[in-house]
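The values are calculated or read from the model by the stated rules, or taken from the named source; none is laboratory data. None of the values given here were measured: they were computed from a predicted structure. Neighbour counts run over all protein chains shown; Cβ positions are idealised from the backbone, glycine included.
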Amino acid sequence: MISTWKRVTISNMSSSFERGKSDDVRASEAEIDKLHLKIGQLVVERDFLADASVQLLGTRGKKW
């Protein structure tokens, strides 16, 4: 049983060093990049709508 674990561990050890980053880390980085893009899009939309409200209402969106 121990020799089986040792053989499996040794065979998987080389693959862990070859990849560099695990699939979980890559997925996490991809998710973070996706969220940063969404944040940037929302900031642009917010700024556009704020400028449009100034032009339409002249009060930065405040009605009073």
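Descriptive notes on the structure:
- Inter-residue pairs, beta-carbon under 7 Å, first at negative phi and in region 37-56, second exposed (fewer than 10 other Cβ atoms within 10 Å of the Cβ), 6+ apart: ALA50/ARG60; SER53/ARG60; VAL54/ARG60
- Screening the candidates ARG46, ARG60, ARG7, ARG26 for the property of being at pLDDT below 80 and either in contact with a His (Cβ under 9 Å, 6 or more places away or on another chain) or surrounded by 10 or more Cβ atoms within 10 Å (Cβ to Cβ) (or both) yields one hit, ARG26.
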